[in-house]
Amino acid sequence: PVGHLLGRPHPPGESHADFPLVIGPAGRIHMKLADLITYLAAHRDRTGLLKPATWDVLHTPHFDGQYALGWNTWPDGSFTHDGSNLLWYAVAGFNPKAGWAAAAAANDGQPSVWSDVGQAAREARASVAG
């Protein structure tokens with residue numbers, strides 16, 4: 001699959017196929033959904049990949065809000081993040097207390113698909129949360 005903008009495909013390597021390098025790494029992360037789930041599961045399970053204190057820093061809001069270094073935090077203990085490079089859109093989340101990690105994406109990053117991808121992410125969450 002390739003990203004699309006206004007119905008036109010933009011294959012990798014094309015000049016408008018991604019954000020400029022200056023936005024990386026945060027705005028230029030690319031991976032398979034299965035790898036994203038592995039990443040989310042590491043956050044959910046707080047694996048030995050990082051020290052416990054580092055997980056605490058990553059998962060704690062720091063600036064008088066609900067944003068924890070890339071994660072929106074929710075009262076139920078969930079963490080979510082979404083993003084787009086205008087060609088792709090993804091929603092990802094996890095909840096250590098409930099034991100789920102879920103994600104959904106589309107190869108179209110326009111706002112018109114955001115609600116559908118969000119709904120797919122909620123359905124994925126429901127299917128793994130029980």
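The values are calculated or read from the model by the stated rules, or taken from the named source; none is laboratory data. What you see is a predicted model; the values in this text were computed from it and never measured. Counting neighbours? That spans all protein chains shown, and the Cβs are built from the backbone with ideal geometry, glycine included. Note: areas computed on protein heavy atoms with side chains; ligands, DNA, RNA excluded. Shrake-Rupley method; radii C 1.70, N 1.55, O 1.52, S 1.80 Å.
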>> I'd like the orientation of helix 33-45 relative to the chain: the angle between its Cα long axis and the longest Cα principal axis, in ° from 0 to 90, rounded to 10.
In response: 20
> Quick one: helix 111-129 against the long Cα principal axis of the chain, what's the angle to the nearest 10°, folded into 0 to 90?
Replying inline: 40
> According to a simple spin-label model (label point 7 Å from Cα along Cα-to-Cβ), what is the distance in nm between Asp45 and Gln119?
Replying inline: 3.3
> How big is D, in µm² s⁻¹, for the chain by Stokes-Einstein at 4 °C and 1.567 mPa s if Rh is the Kirkwood radius over C-alpha pairs?
Replying inline: 82
>> Restricting to Cα pairs below 8 Å that are 6+ residues apart, what does the relative contact order work out to for the chain? Please round to a whole percent.
In response: 23
>> With a 1.4 Å probe and all protein chains left in place, how much accessible area per residue does the chain have, in Å²?
In response: 63
>> Using helices alone, I'd like the mean residue ellipticity at 222 nm for the chain: each DSSP H run of four-plus residues gives -39500 (n - 2.57), total over residue count, nearest 500.
In response: -9500 deg cm²/dmol
> Tally Lys and Arg at +1 and Asp and Glu at -1 over the other residues with C-beta under 15 Å from the C-beta of His10: what net charge comes out?
Replying inline: -1
>> So, R0 is 22 Å and r is the distance between the beta-carbons of His30 and Asp64; what FRET efficiency does that work out to, to 0.05?
In response: 0.10
> Working out 0.36 nm times the residue gap between His81 and Ser127, then minus their Cα-Cα distance, what length gain in nm do you get to one decimal?
Replying inline: 14.7 nm
> Quick one: if the Förster radius is 22 Å, what FRET efficiency do Thr54 and Ala98 give, using the C-beta to C-beta distance and rounding to 0.05?
Replying inline: 0.45
